[in-house]
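Notes follow the structure.
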Amino acid sequence: INPQFLERWSPRSFTSEEIPEDTLMSLIEAARWAPSGSNNQPWRFIIARTPEQRAAFHSFIAPANVAWCEKAPVLLLLISNTITPRGTLNPSHAFDAGTAWGYLALEANNQGLVTHAMGGFDPDKAREVLQIPADYALHAVIAIGHQGPKVALSEQLQEREVPSGRRPVSELIMQGKFE
């Protein structure tokens, strides 16, 4: 398979080096091209780049995650519209948003950046702080930046600052029915 799939991982150490606007928009552009059910493209990214915007995000990110993501120059909240343009429920909104996140993560890796998606945040507080309408589902906060040194992390996090292994393919597939 293409090495980009093997090289991408989710480090926790970030530098505070800013990401140029055109670079950030190229990641969003890659996500824009993700496939989606009926081409609805239900995903949206709320971007935090300024210190004030990132502080607002820190208010709803779990403290254990803030401890390592506070240096990341960009935080995104991935959300998706649960309603189709025709006004019906969109059963694939989360699947589609996840695909867009994957495209974004791979393009970031292609450009020498690192990403780390986190589910450790308070969605109710995020909805309130960012004024997100009820018809949007909140999925993950994503830190984007340049990889920082491992020693910048706490001792506990330094131990975890390695690419994760993967299950063998044999554990992922079932033949003909659920086993």
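The values are calculated or read from the model by the stated rules, or taken from the named source; none is laboratory data. Every value quoted in this text rests on a predicted model; they were computed, and no experiment measured them. Backbone-built Cβ (ideal geometry, glycine too); neighbour counts: all protein chains shown. These area figures cover heavy atoms from the full protein model, side chains too; ligands, DNA and RNA do not enter into them. Shrake-Rupley method; radii C 1.70, N 1.55, O 1.52, S 1.80 Å.
Short version: what are the Cα gyration tensor semi-axes of the stretch 120-176, square root of 5 times each eigenvalue, largest first, in whole Å?
Semi-axis lengths for the stretch 120-176 are 30, 26, 10 Å.
Take the alpha carbon atoms of the stretch 68-111, find their center, do the same for the stretch 34-52, and report the distance between the two centers in whole angstrom.
First find each Cα centre; the distance between them is then 5 Å.
If you build a Gaussian network model of the chain, linking Cα atoms that sit under 10 Å apart, which residue out of W68, W101, W33 swings the most?
W33
Can you send over the solvent-accessible area of V162, 1.4 Å probe, protein chains only, in Å² to the nearest 10?
70
With contacts defined as alpha carbon pairs under 8 Å and 6 or more residues apart, what's the relative contact order of the chain in percent?
For the chain, the relative contact order is 34 percent.
Give me log10 I(q)/I(0) at q = 0.08, 0.09, 0.19 Å⁻¹ for the chain, Debye formula, one equal scatterer per alpha-carbon, no solvent.
-0.27, -0.35, -1.35
Given a cut-off of under 8 Å on Cα pairs at least six residues apart, what relative contact order in percent is computed for the stretch 1-84?
43
Within 15 Å, Cβ to Cβ, of P73, how many net charges do the neighbouring residues add up to if Lys/Arg are +1 and Asp/Glu are -1?
Its environment carries a net charge of -2.
Just to be sure I understand: with springs between alpha-carbon atoms less than 10 Å apart, which residue in I142, I61, I83 has the highest mean-square fluctuation in the Gaussian network model of the chain?
Highest fluctuation of the listed residues: I83.
Exactly which trypsin sites (Lys or Arg not before Pro) in the stretch 51-103 are in a DSSP loop and have at most 14 other Cβ atoms within 10 Å?
R86
Hydropathy first: keep DSSP H helices in the chain averaging at least -0.5 on Kyte-Doolittle, then drop any whose Cα extent along the axis falls short of 24 Å, and list what survives.
Span-like helices here: 93-110.
Could you report the accessible area of R160 in Å², rounded to 10, computed with a 1.4 Å probe on the protein chains as they sit in the structure?
For R160, solvent-accessible area is about 130 Å².
Between S170 and M25, with labels modelled 7 Å along Cα→Cβ, what's the label distance in nm to one decimal, could you check?
With each label placed 7 Å out from Cα toward Cβ, I get 5.0 nm.
Would you mind working out the magnitude of the charge dipole of the chain relative to its Cα centre, with +1 at each Lys and Arg C-beta and -1 at each Asp and Glu C-beta, to the nearest 20 Debye?
320
Calculated FRET efficiency, E159 and Q131, Cβ-Cβ r, R0 45 Å, to nearest 0.05?
The pair E159/Q131 has a calculated efficiency of 0.70.
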